[in-house]
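Visitor: I have a structure I would like to understand better, so I am pasting it below and will then ask my questions one at a time.
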Amino acid sequence: MIELREVTKTFTEEKAVDQLALTVKKGSIFGLLGSNGAGKTTLLKIIAGIYRPDTGKVLIDGQPVYEQPEVKQRILFMPDTPYFFPQATIRQMARFYRSIYPSWSEERYIQLTDIFKLDPKRKLHRFSKGMKRQAAFLLALSCMPELLILDEPIDGLDPVMRRMVKNLLFQETAAREMTVVISSHNLREIEDMCDHVGIMHQGRMLLEKEVDDLKSDTHKVQVAFRDRTHEEAVCGQLPVVHKERRGSVLLLIIRGEREQITETIQAYEPHVFDLLPLTLEEIFIYEMEDAGYDIQPILL
Ligand SMILES: Nc1ncnc2c1ncn2[C@@H]1O[C@H](COP(=O)(O)OP(=O)(O)OP(=O)(O)O)[C@@H](O)[C@H]1O
């Protein structure tokens, strides 16, 4: 489990992370979203024990991480641009990681070499951007870390590889409760893999929730009432966060339980009533709107 309490990190006057609190459960995939400069990389490096926060506490399974080699051996941080030694091959990088991570699995390395179909004897600097990213995943997953921290990892991967990498991450979290923290500035890119998401802006966490809670708490309703007074009555009774008229049909975004929403609206016997699924992106837009933020400058 990751626990951050009142964490602040300042670079020459500028607060990159500002009084931030966060809890990520073991075995979950946490998606960290935010625009350029929001503070995501700084936060990831604090969690990985690379940066020491100015104030606050960072605990991994109850233990501090900064300058704690035995804790850091259980964590793998993959930067936004994968780093390899000059002239190194996958095989040489594997030798390095094997010496650093006691949890390194030779069996997993052989399996993954087969899955990624990369030549372990070829120099990494000759690989394409996407192939370098694949090599970084191959090495990272072979280390069998308990906590995998990924900074913008999807960049450069083609759609087939994206799907494969996502599946590998799902397998690892399910099989051995690996925790994953993954940053992105694009919600669509990671929405199908995270079970917990947070949006950062100007060093602060604006919103942070379990995806299941977000989805079960917010509903999209298309409805056409027989009478305008029915619409007013329903909007008075239910927590409507967004209202939009599309011809004779009213589109409502409502918080609360599905059954209660259905019951309240059905009581007025509307002409049209449909409960529609919401994408995570839509939920974020309405949640942020409700909190008084325009999401467009914050997320793509
Ligand atoms: N080493 C550093 N020295 C000085 N300022 C820094 C340093 N690293 C980050 N910052 C500043 O901290 C703020 C947050 O940067 P950070 O890299 O954490 O953002 P980010 O959300 O990862 O952005 P991006 O999506 O562009 O990668 C920025 O204003 C940046 O200029």
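Visitor: Once every DSSP H run of n ≥ 4 in the chain is given -39500 (n - 2.57) and the sum is divided by its residues, what mean residue ellipticity at 222 nm do you get, rounded to the nearest 500 deg cm²/dmol?
Guide: Values: 11 runs with 107 residues, N = 300.
Computed mean residue ellipticity for the chain: -10500 deg cm²/dmol.
Visitor: Would you kindly give the portion of the calculated P(r) for the stretch 214-290 that falls above 21 Å, as a percent of all Cα pairs?
Guide: Numbers: 565 of 2926 pairs.
Of all Cα-Cα pairs in the stretch 214-290, 19 percent lie more than 21 Å apart.
Visitor: Oh, and also: Largest first and in whole Å, what are the equivalent-ellipsoid semi-axes of the chain based on the Cα gyration tensor, each being the root of 5 times an eigenvalue?
Guide: Values: eigenvalues 363, 98, 54 Å².
They are 43, 22, 16 Å, listed from largest to smallest.
Visitor: In addition: Considering only protein heavy atoms and a probe of 1.4 Å, how much of the accessible area of the chain is carbon and sulfur, as a whole percent? Show your work: numbers first, answer last.
Guide: On the way: 7100 of 14640 Å².
The computed percentage sits at 48.
Visitor: List the GluC sites (Glu not before Pro) within the stretch 54-112 that fall in a DSSP loop (any state other than H, G, I, E or B) and whose Cβ has at most 13 other Cβ atoms within 10 Å. Walk me through the numbers before you get to the answer.
Guide: Values: sites: Glu67, Glu70, Glu106, Glu107; in loops: Glu67.
Within the stretch 54-112, the qualifying GluC sites (Glu not before Pro) (loop, at most 13 other Cβ atoms within 10 Å) are Glu67.
Visitor: Let me ask something additional. Taking only Cα atoms, what is the 0 to 90° angle, nearest 10, from helix 280-290's long axis to the longest principal axis of the chain?
Guide: 60 degrees
Visitor: Starting from the coordinates of the alpha-carbon atoms of the stretch 1-92, obtain the Kirkwood hydrodynamic radius over all distinct pairs and give the value in Å to one decimal.
Guide: One over the average 1/r among Cα pairs gives 14.4 Å for the stretch 1-92.
Visitor: GNM on the chain, C-alpha springs below 10 Å: top fluctuator among Arg245, Arg162, Arg204?
Guide: Judging by the Gaussian network model, the answer is Arg245.
Visitor: Rank these residues by their accessible area, most exposed first, probe 1.4 Å: Tyr83, Tyr293, Tyr286.
Guide: Greatest to least solvent exposure: Tyr83, Tyr293, Tyr286.
Visitor: Compare His185, His242, His196 in a GNM of the chain, Cα atoms joined below 10 Å, and give the one with the largest fluctuation.
Guide: Among His185, His242, His196, the largest GNM mean-square fluctuation belongs to His242.
Visitor: Right, here's the next one. Counting heavy atoms of the protein chains only and a 1.4 Å probe, report the per residue accessible area for the stretch 2-202 as a whole number of Å². Don't skip to the end; give the middle numbers.
Guide: Details: 9170 Å² over 201 residues.
On a per-residue basis, the stretch 2-202 sits at 46 Å².
Visitor: Considering only Thr23, Thr229, Thr173, give the residue with the highest GNM mean-square fluctuation for the chain, with springs between Cα atoms whenever their separation is below 10 Å.
Guide: In the Gaussian network model the winner is Thr229.
Visitor: Mind checking which lysines have their Cα closer than 23 Å to the Cα of Lys220? Skip sequence neighbours fewer than 8 apart in that chain.
Guide: Lys209, Lys243
Visitor: What FRET efficiency, computed as 1/(1 + (r/R0)^6) with R0 = 22 Å and r the Cβ-Cβ distance, is obtained for Thr279 and Thr23, rounded to the nearest 0.05?
Guide: 0.30
Visitor: Let me ask another. For the stretch 214-290, report the accessible area per residue in Å² (1.4 Å probe, heavy atoms, rounded to an integer).
Guide: Values: 4100 Å² over 77 residues.
Averaged over the residues of the stretch 214-290, the accessible area is 53 Å².
Visitor: How about Lys15: which aspartates and glutamates have a C-alpha closer than 15 Å to its C-alpha, ignoring those fewer than 8 places off in the same chain?
Guide: Partners within reach: Glu6, Asp54.
The values are calculated or read from the model by the stated rules, or taken from the named source; none is laboratory data. Computed from a predicted structure; not experimentally measured. Positions of Cβ are backbone-derived with ideal geometry, glycine not excepted, and every protein chain shown enters the neighbour counts. We work out accessible area using only protein heavy atoms, side chains counted, and drop any ligands, DNA or RNA first. Shrake-Rupley method; radii C 1.70, N 1.55, O 1.52, S 1.80 Å.
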